[in-house]
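**Student:** I have a structure here, written as structure tokens, and I will follow up with some questions on it.
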Amino acid sequence: MNLSRFHRFPLCLGTTPLVPMTGLEQRLKGPRLLVKRDDCTGLATGGNKTRKLEFAVGEALAQDADTLITVGGLQSNHARQTAAAATRAGLACELVLSRNVPIDTQTYRENGNVLLDRLFGAGIHVHPGGSDRMALADALAAEMRGAGRRPYVIPLGASYPVGSLGYAKAALELVVQANELGLSLDYLVTATSSGGTIAGLAAGFDSLGYPIQLIGVDVDAKPDAKDATITPLIEQTKALLGQSAKLSAVRVEIVLDQAGPGYGLPTAEMREAVSLVARSEGILLDPVYSGKGMAGLISLIRAGRFERDSTVVFLHTGGSAALFAYQPLFTEEAAVAPKNTSSG
Ligand SMILES: *Cc1c(COP(=O)(O)O)cnc(C)c1O
């Protein structure tokens, strides 16, 4: 794969652990379950954007940028990790955020990721839901260039080929870890939104010729994400790696039944998943991404999707800082796992 020819600014504190989830495995009578702890990258409460930002910040520094600009929702984990990465790299940071979730509690406006963005000293520009955030970010960049500054704009979720290199690298890390454990990984399940994570994994595993099935759990209620974003991004990432566009060893599937009413909006299945994993593994998920991703994994296990002797990895993409923005959802009564999980 030769990733050393790309610029990279180290942000992960080390290899993230790949560990068994025996408590959950027993409760669900499932296949062998492991979790890849990318919630433990070590940057500002962790998460999957850290790996992508290593390559994005590397590129920004190579271009002699003095400021990172990026976009997201008000409670964006990507914005929070970008703000922290900027401080590590000695860059300024401007966040173009939109109110893309119809929740307007004080905790949602001020706590969670927003609190951390402020602590890292990022400039925060809040726009109404439905705003064209990339156009606003580009306009801000133009304005800054006019004032003699050197901004570098990172797209939504750092989901562009440069960012996806971070997950091609993660695929390599996972293969090494699985080999050390004497396991072959049959499936990897993870939440998917802007697509850079699953696209990078697909490109990385494929270039290693590692036959794995990647299952992305859509959290956006965007049924066309695979064709519209993920497949093109896989092809662009493979091209950046100097490889043929089509996948040969890897299969990618997107499941569409967990997004519920939409991005950032709670479902009963998500709440069950968050409390079940907290109580069986002592691991924190989040309401927007990893909680719905885990709900997807639980639902596939219950539906008998995996062979009993197969090995399934859940990629934990982080996000627990957002729990504090959703505090009313996790009061004591609400956090009790519902018995009947078929109701939405
Ligand atoms: C951004 C994010 C995702 C989705 O990753 P994409 O690369 O955008 O598909 C999943 N989980 C968490 C916690 C995230 O912040």
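The values are calculated or read from the model by the stated rules, or taken from the named source; none is laboratory data. Because the structure is a prediction, the values reported are computed rather than measured. Note that we place each Cβ from the backbone using ideal geometry, even for glycine, and neighbour counts take in every protein chain shown.
**Student:** Out of all the residues in region 1-55, which are over 14 Å from the mean Cα position of the chain (by Cα), of a type in the set (A, V, I, L, M, F, W, C) and more than 25 Å from Tyr187 (Cα to Cα)?
**Tutor:** Phe6, Phe9, Leu11, Leu13, Ala44, Phe55
**Student:** Pairs, please: C-beta under 8 Å, at least 6 apart or cross-chain, first residue within 16 Å of Gly216 (Cα to Cα) and in region 272-293, second away from the ligand (no atom under 13 Å from the Cβ) and not in a helix (DSSP H, G or I)?
**Tutor:** These pairs meet every condition: Lys292/Gly260; Lys292/Thr267.
**Student:** In this structure, is Asp117 touching a Leu at 6+ places or on another chain (Cβ under 7 Å), under 27 Å from Ile283 (Cα atoms) and among the acidic types (Asp, Glu)?
**Tutor:** Answer is yes for this residue.
**Student:** What tally of residues in region 215-229 results from selecting those that are buried (at least 18 other Cβ atoms within 10 Å of the Cβ), of a type in the set (A, V, I, L, M, F, W, C) and not in a strand (DSSP E or B)?
**Tutor:** 2
**Student:** List every residue pair whose Cβ atoms sit under 8 Å apart, with the two residues 6 or more apart in sequence or on different chains, where the first one lies in region 192-211 and is away from the ligand (no atom under 15 Å from the Cβ) and part of a loop (DSSP other than H, G, I, E, B) and the second, anywhere, is modelled with pLDDT of 95 or more and not small (Gly, Ala, Ser).
**Tutor:** Filtered contacts from region 192-211: Leu208/Leu172; Leu208/Val175; Tyr210/Val175; Tyr210/Leu185; Tyr210/Val250; Pro211/Val250.
**Student:** Let me ask something else. On the basis of being at pLDDT 95 or above and more than 16 Å from the ligand (Cβ to nearest atom), does Ala170 make the cut?
**Tutor:** no
**Student:** While we're on this one: Can you tell me how many residues within region 274-317 are within 14 Å of the ligand (Cβ to nearest atom) and either closer than 17 Å to Pro20 by Cα or in contact with a His (Cβ under 9 Å, 6 or more places away or on another chain) (or both)?
**Tutor:** 12
**Student:** Consider Leu214 against the criteria (1) more than 15 Å from the ligand (Cβ to nearest atom); (2) closer than 22 Å to Ser193 by Cβ: it satisfies all of them except one. Which criterion is unmet?
**Tutor:** Checking Leu214 against (1) more than 15 Å from the ligand (Cβ to nearest atom); (2) closer than 22 Å to Ser193 by Cβ, the one that fails is (1).
**Student:** Could you list all residues from region 284-299 that are over 16 Å from the mean Cα position of the chain (by Cα) and either under 19 Å from Asn48 (Cα atoms) or not hydrophobic (A, V, I, L, M, F, W, C) (or both)?
**Tutor:** We begin by selecting, within region 284-299, every residue over 16 Å from the mean Cα position of the chain (by Cα); these are 298-299.
Result: Ser299, single match.
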